[in-house]
Amino acid sequence: MLSDNQSAPVRTQPSQLRDRFGRIMKKLRISLTDRCNFRCVYCMPESPVWGPRDVVLSLEELHHLASVFVARFGVEQIRLTGGEPLLRSGAPRFVSMLHGLRAHGLRRVSLSTNGALLARYARELADSGLDGVNVSLDSLSPDRFHQVTGGGDLREVLRGIDSAREAGLPVKLNAVVMRGTNDTEIPALAAWAYRAGIPLRFIEFMPLDSRGLWSADKVFTEREIVALLERDFEIEPLARTEEPASYYLLNGHFRLGVISTISNPFCARCDRVRLTADGRLFACLFSPTGVDLKSAIRPTVNSELLESRMEAAIRNKSPGFVESSASMDRGTVGMHVLGG
Ligand code: SAM
Ligand code: SF4
């Protein structure tokens with residue numbers, strides 16, 4: 001447990017986490033747990049072995065790291081992820097804790113969830129100051145949803161989306177597309193999101209699954225997604241922004257995104273870093289290893305060591321996705337550990 005003065009934000013002028021390519025890190029994703037109540041085929045092992053609980057950082061320790069990223073290094077946005085972040089006890093409390101970092105430059109706190117527990121927590125999350133929630137939704141067919149998520153209940157997730165909107169939380173949808181698994185769902189998902197007025201992004205299947213299912217031919221590409229949608233909508237491509245997705249305007253007003261990490265990577269503009277629940281810092285989704293931050297704060301905080309490890313991790317950030325990454329052995333560092 002950190003003492004009070006150890007967990008207080010560092011009050012210095014922020015400098016920047018800048019890598020060798022001039023990219024400045026503004027966004028931090030914090031994985032609250034590697035555990036999940038789903039077994040999505042593109043993410044989880046069929047029989048996952050969870051990390052031991054004692055290696056997981058406490059919410060106070062995670063908050064301390066977040067405070068250094070924000071107050072010392074100018075990070076502006078934090079997204080909570082997992083595993084399933086709503087399985088971590090105290091997740092809404094953690095959102096409130098992060099709220100205090102707004103005085104130090106934090107502008108946005110959001111959360112990515114599979115939605116199964118969202119109906120239960122939506123109100124509390126909204127009251128805690130959460131700015132928005134991304135919900136994964138890969139199919140609107142109950143059977144296919146059950147199959148893709150390894151047992152998920154579509155009705156629960158749709159209830160979660162309704163509850164979040166009722167609580168006033170802005171909702172966005174993410175759908176991973178795998179050829180031969182759910183690519184036929186693309187038109188229905190787009191039509192549903194369009195009618196409901198909920199922003200939707202399709203995500204190309206990345207080689208970060210823990211089952212070794214990925215192969216280049218399973219990637220349903222941005223171009224193919226757009227070609228399918230052109231049958232139902234008038235589509236106008238929008239200029240690329242700093243966001244990871246390419247955006248298109250459907251029928252002149254609905255903004256739909258595609259995150260095409262494989263066919264059209266945004267790595268050259270990447271401004272995000274990832275912290276795992278056990279305190280490893282990954283400067284890139286495709287880094288084979290993370291930098292250990294835990295030993296710089298446990299049992300006591302060594303601020304100098306911590307900051308130098310953070311800076312070194314970012315300095316060594318790789319250029320991003322290259323085809324050779326696709327065949328590397330991910331070991332246990334799959335998406336459920338990294339948080340997407
Ligand atoms: N459990 C939460 C959820 O499902 O939204 C948060 C964690 S999940 C790892 C974060 C994001 O990563 C989700 O949008 C998920 O669809 C995406 N994801 C997981 N594995 C992926 C893969 N192999 N390729 C592309 N996206 C993936
Ligand atoms: Fe769990 Fe999210 Fe991974 Fe699905 S994508 S298994 S919901 S962490």
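Summary of computed values
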quantity: Trypsin sites (Lys or Arg not before Pro) within segment 221-316: DSSP coil, no more than 14 neighbouring Cβ in 10 Å; calculated: R231, R240
quantity: Selection of GluC sites (Glu not before Pro), segment 220-271, meeting DSSP coil and at most 15 other Cβ within 10 Å; calculated: E230, E234, E242
quantity: Gained length - S47 relative to W192, 0.36 nm times residue gap less alpha-carbon distance; calculated: 48.9 nm
quantity: Within segment 246-285: backbone nitrogen closer than 13 Å to the K172 label point (7 Å, Cα to C-beta); calculated: 246-248, 255-260
quantity: Approximate spin-label separation S96-R165, in nm, with each point projected 7 Å along Cα-to-Cβ; calculated: 2.9
quantity: Overall dimensions of segment 198-308 by Cα: Rg and Dmax, Å; calculated: 18.7, 59
quantity: Which of H253, H63 is most accessible, then next, and so on - probe 1.4 Å; calculated: H253, H63
quantity: Distance histogram in 10 Å bins (all Cα pairs of segment 27-338, percent per bin); calculated: 6, 27, 37, 24, 6, 0
quantity: Under 27 Å, Cα to Cα: Lys pairs in segment 27-338, sequence gap 8 or more or different chains; calculated: 5
quantity: Calculated from backbone phi, Karplus (6.51, -1.76, 1.60) coupling profile of segment 208-213 in Hz, x at Gly/Pro; calculated: 10, 7, 8, 9, x, 7
quantity: Accessible area of the chain belonging to carbon and sulfur atoms, whole % at 1.4 Å probe; calculated: 50
quantity: At most 11 other Cβ within 10 Å, DSSP loop - trypsin sites (Lys or Arg not before Pro), segment 37-78; calculated: none
quantity: Inter-part distance where segment 195-238 and segment 274-323 are each reduced to a Cα centre, Å; calculated: 30
quantity: Most positive-pole-ward Cα, A91, G129, G152, against dipole of segment 83-162 from beta carbon charges; calculated: G129
quantity: Electrostatic dipole magnitude of segment 141-206 [Cβ: Lys, Arg +1; Asp, Glu -1; Cα centre; debye, to 20]; calculated: 160
quantity: Counting DSSP beta bridges with both ends in the chain, the antiparallel % (nearest 5); calculated: 30
quantity: Lys/Arg +1, Asp/Glu -1 at C-beta; segment 27-338 dipole; positive extreme among W192, A164, H64; calculated: H64
quantity: No Cys partner within the rule (Cβ under 4.7 Å), the chain; calculated: C36, C267, C270, C284
quantity: Residues of the chain: accessible area per residue with a 1.4 Å probe, Å²; calculated: 43
quantity: Theoretical gain in end-to-end length, E236 to N316 [0.36 nm per residue, Cα-Cα removed]; calculated: 25.0 nm
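The values are calculated or read from the model by the stated rules, or taken from the named source; none is laboratory data. This is a predicted model, so every value here is computed, not measured. Note: ideal-geometry Cβ built from the backbone for every residue, glycine included; neighbour counts use all protein chains shown. The protein model used for the area step is the full one, side chains on, heavy atoms only, and it has no ligands, DNA or RNA in it. Shrake-Rupley method; radii C 1.70, N 1.55, O 1.52, S 1.80 Å.
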